[in-house]
Structure formats: structure tokens, C-alpha cells
Amino acid sequence: MDLSQLKPAKGATKKAKRIGRGEGSKRGGTSTKGHKGAQSRTGYSRKRGFEGGQMPLVRRVPKFGFTNPTRVEYKGINLDALQLLAENQGLKAVDPAVLYANGLIAKHDKLKVLGRGTLKGALDVTAHAFSATAKAAIEAIGGKATIIERKEKQA
């Protein structure tokens with residue numbers, strides 16, 4: 001058996017409706033589109049979300065909540081992940097470039113160091129933000145927690 005002998009299962013395929021090919025075809029005349037109206041005309045396309053004149057769901061359901069335009073999204077990395085990376089790579093300093101190179105964050109992620117886990121040795125960590133527990137843990141063991149200053153947008 002080869003590919004040229006493959007066929008769909010019996011009854012799996014149907015012939016397409018041949019529309020507008022004369023009265024004898026049973027689908028001539030209006031070609032299944034009914035009489036008059038926008039839907040019978042050529043070039044008609046229904047608007048997305050149109051529900052036949054009924055108030056669309058998008059407009060029936062109320063708006064809810066608030067989106068803060070100045071919110072800053074951080075990518076959180078815990079101390080245990082930093083410790084594992086430092087052990088595997090033999091690092092004394094960690095910054096976003098090192099984490100990006102190791103696939104832990106995306107190129108333009110803002111980095112926040114979180115306090116889960118512990119550090120075994122002094123580590124110089126540079127990030128956009130630190131949780132209070134993470135900063136305390138880094139400094140308690142003799143490391144340095146350096147914050148990368150955010151660039152303010154100029155008006």
C-alpha cells in the first residue's frame with residue numbers, strides 16, 4: 001500500500017452544494033439566500049458580534065474594574081533560585097543580564113528578588129526591586145542588594 005491508494009472512510013466526505021446553477025438543481029433562483037435584504041446582496045458581511053439586532057453580549061455585560069496605567073509588572077525570582085544559579089555557575093554577583101543569559105527572565109523584564117529560600121554565601125544582587133525579607137537575607141549574609149533606578153519618562 002502507498003499514499004496514492006489512501007481514501008477517506010466511506011461516508012466521511014460529501015459533495016459540496018452547487019448553488020445558483022439553474023432551477024433544475026433545486027438551488028437556483030434566490031440561491032438559498034431568501035428574498036431581498038442585506039444578506040441576499042453581494043458583498044454583505046455581518047459585523048463581528050452582531051446578534052440579529054438584539055443587544056450584543058459585549059454591550060449587555062457591564063464594564064468592571066480598573067486598569068492602572070502606571071502599574072509596573074515585575075518578574076519575581078526567589079533567593080533559592082539565585083543560590084542554585086550561583087552554585088552551578090560559580091557566581092559572586094547576579095544581575096538581570098546573567099538571569100537573561102540563563103533563561104530565567106526575558107530581555108526586558110523588570111526583576112524583583114523575593115525572599116523564599118536562603119543564601120549560603122555572600123552574593124551581590126542587582127535588581128529593579130527587592131522584597132523586604134529578600135533584602136534583609138542578602139545583607140545579613142554579607143551580600144549587597146543594589147536597586148536599578150527606573151528611568152522616568154520625560155514630558
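Throughout, read-outs are computed from the coordinates displayed, never taken from laboratory work. All values reported here derive from a predicted model rather than from experimental measurement. Here Cβ is always computed from backbone atoms with ideal geometry, including for glycine, and neighbour counts include all displayed protein chains.
List Val98, Val125, Val61 from most exposed to least, where exposure is judged by having the fewest other Cβ atoms within 10 Å.
Val61, Val98, Val125
Local charge sum around Gly143 (other residues, Cβ-Cβ under 12 Å, Lys/Arg +1, Asp/Glu -1)?
+2
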Practice problem: Choose one of Met1, Ala122, Ala97: the residue whose Cα lies farthest towards the positive end of the charge dipole of segment 1-142 (beta-carbon charges +1 Lys, Arg; -1 Asp, Glu; about the Cα centre). | Solution: Met1
Exercise. Any chance you could list P(r) for segment 74-147, counting all Cα-Cα pairs in 10 angstrom bins from zero, rounded to whole %?
Key: 22, 62, 16
Practice problem: Could you tell me which GluC sites (Glu not before Pro) in segment 1-101 are loop residues by DSSP with no more than 12 other beta carbons within 10 angstrom of their beta carbon? | Solution: Glu73
Quiz item: Across 5 Å bins from 0, what is the distribution of all Cα-Cα pair distances for segment 16-155, in whole percents?
Solution: 2, 8, 13, 12, 8, 5, 5, 5, 5, 5, 6, 6, 6, 6, 5, 3, 2, 0, 0
Quiz item: Mind checking the dipole of the chain: about its Cα centre, +1 per Lys or Arg Cβ, -1 per Asp or Glu Cβ, Debye to the nearest 20?
Solution: 2060
Practice problem: Please work out the C-alpha center-to-center distance from segment 100-118 to segment 1-72 and express it in whole Å. | Solution: 46
Practice problem: Using just the helices of the chain, give the 222 nm mean residue ellipticity in deg cm²/dmol: DSSP H runs with n ≥ 4 each add -39,500 (n - 2.57), and the total is spread over all residues, rounded to 500. | Solution: -5000 deg cm²/dmol
Quiz item: Fewest first, what order do Ile138, Ile148, Ile105 take by the number of other Cβ atoms within 10 Å?
Solution: Ile148, Ile105, Ile138
